[in-house]
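Everything below concerns the one structure shown next.
Bear in mind these aren't lab numbers, they're just calculated from the coordinates by the rules spelled out. These figures come from a predicted structure and were not determined experimentally. Methodologically, a virtual Cβ is constructed for each residue, glycine included, from the backbone with ideal geometry; neighbour enumeration extends over all protein chains shown.
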Amino acid sequence: MDIIYVRGGDKSAPDIARKAGMHYGTRHDYKPYAGVYMLDINWKKYEWRQYMSLIRQYQPVMALAPDYEHSWQYTALRRQIDDLRPLVKYVQVCPKFHGAVQHIPLDCVVAVSVPAPTYAGFVPDLRLLTGRKIHLLGGNPFTQRDYIMKLNGVNAEVVSVDGNTIGMKAGKGQCFSEGVWKQQRDRRSTDDELCETSAINYARFLQSVKHERWQMFPALRILVNAATVEDIDAIQRIARQYPKELGYVRIPALKESIGRGNLIVARDCGQIVGFVNYRACRDGWSTVYEIAVDKARRGEQIGAGLLAAVPEPIRLKCTTENPANAFYEGQGFTCVATEPGKKRALNVWHKGAMRLIDRRNSGGLILRRGGGI
């Protein structure tokens, strides 16, 4: 996995990247101060012929095409990709609307715009990224870590990430050390020194995540993808292992979810070992109805891989006495409320985009009591 320090207008950036074992990158409207590994494009303001001239001059390993924001840009995008292909090893394309990933050629790297507090970003349905090479654009080390593991859970491969945060944090006197940002209150260190220390620790942090993720999601064997009608018998077999938690899972409901593409299964060498059934709601939330893993395969983080395939923000309900509550908390969910159910009290769990929560409707659609993980 390549970690790239994309920093325009900073003469120290190439040296900082070199000392940290990163690659150096810049945006096309900045002057580079060393050989460019990745050339980013100012997609809001560019002239294509000038950009291509810089590609020929700098000879980067990877370069971005303009962001793909609307389907009517498809013809122009394909021409731009064809222009870039002979000149760079990796052509990156950043999708910015639902359905855009299917238009991106398989030999291109999908550049995922990671959300940040000051930038909305755009993350496509992770299931559509199975088998694709991914570059993470932006984000801090913690969100990058989460997306590396999520993408691994759907058999995508993160081949590169931006390490841009270190420069912005250094400007605020902060340094990345021991897995956290630390404020250097004495300000005895220069910004470049903070950047250098952060860059070294940042690179180690993300490389360690790359190795650990195979333990968290054993995705070399486990494939997480959309269910088919042929999978229904196996799904019901797993659901019957949890009669108290799930009740009776109806075949028509499963077929409806399959038709919407919202029933996801985990396969081990073709055998289904878990499933999650959710609904993509009009208010932007994914409401999980059922999630369950074969009892013989519990403890292998298969449930985590299934949840990683559900687009955020996610909401679900779970009976208060269900051990699955601890699992949801461990996966980064927040219990936002406890409410009465038909027979038992329910915890309401949310993950992602917490600022969008409407407390008056915190639960959304009624869930089948939380599932078996």
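Couple of notes before you dig in:
- The radius of gyration of the Cα set in segment 1-120, together with its Dmax, comes out at 14.4, 43 angstrom.
- In this label model, His103 and Met168 are separated by 2.7 nm, measuring between points 7 Å along each Cα→Cβ vector.
- Highest average packing first - 334-342, 165-173, 196-204, Cβ atoms within 10 Å: 196-204, 165-173, 334-342
- Relative to the Cα centre, the charge distribution of the chain, modelled as +1 at Lys and Arg Cβ and -1 at Asp and Glu Cβ, gives a dipole magnitude of about 700 debye.
- Top of Arg250, Arg132, Arg279 by mean-square fluctuation, Gaussian network on the chain, Cα under 10 Å: Arg250
- Along the axis of the charge dipole computed for the chain (Cβ charges of +1 for Lys and Arg, -1 for Asp and Glu, origin at the Cα centre), the listed residues Gln236, Leu64, Gly173 are led at the positive end by Gln236.
- Proximal lysines relative to Lys317, as straight alpha-carbon distance under 16 Å, when same-chain residues fewer than 8 apart are discounted: Lys244, Lys342, Lys343, Lys351
- Counting only alpha carbon atoms, the long axis of helix 48-58 and the longest principal axis of the chain meet at about 70°.
- Footprinting exposure proxy ranking of Leu254, Leu87, Leu64, fewest other C-beta atoms within 10 angstrom first, gives Leu87, Leu254, Leu64.
- Distance between the pseudo-spin-label points of Thr320 and Asp283 (7 Å out from Cα toward the beta carbon): 2.3 nm.
- Modelled this way, with points 7 Å down the Cα-to-C-beta line, the labels at Glu256 and Arg56 are 5.9 nm from one another.
- Cut-off 15 Å between beta-carbons: net charge of the residues surrounding Leu87, Lys and Arg +1, Asp and Glu -1: +2
- Segment 268-282 - phi-based ³J(HN,Hα) in whole Hz, Karplus 6.51/-1.76/1.60, Gly and Pro as x: 10, 6, x, 8, 6, 10, x, 8, 9, 10, 9, 10, 7, 8, 5
- Degrees separating the helix 191-216 axis from the principal Cα axis of the chain, which is the longest one: 30
- All lysines inside 19 Å of Lys19 as judged from Cα atoms, apart from same-chain residues fewer than 8 positions distant: Lys11, Lys169
- Alpha carbon Rg of segment 2-216, scaled by the compact-globule rule 2.2 N^0.38 Å: 1.01
- Cα centroid separation - segment 253-316 against segment 126-203, whole Å: 29
- Helix 141-153 axis, angle to the chain major axis (alpha carbon atoms, nearest 10°): 60
- Of every Cα-Cα pair in the chain, the percent that sits beyond 25 Å: 58
- Mean separation of Cα contacts under 8 Å (6+ apart) over length of the chain, as relative contact order %: 12
- If you plug the beta carbon distance of Asp268 and Thr75 into 1/(1 + (r/R0)^6) with R0 = 45 Å, you get a FRET efficiency near 0.60.
- DSSP bridge orientation in the chain - percent antiparallel, rounded to nearest 5: 55
- A Stokes-Einstein calculation at 37 °C with viscosity 0.692 mPa s, built on the Kirkwood radius of segment 222-361 over Cα pairs, returns a diffusion coefficient of 213 µm²/s.
- Pairwise Cα distances in segment 225-278 exceed 13 Å in 54 percent of cases.
- Per residue, the convex hull volume that the Cα atoms of segment 1-60 enclose (Å³): 77
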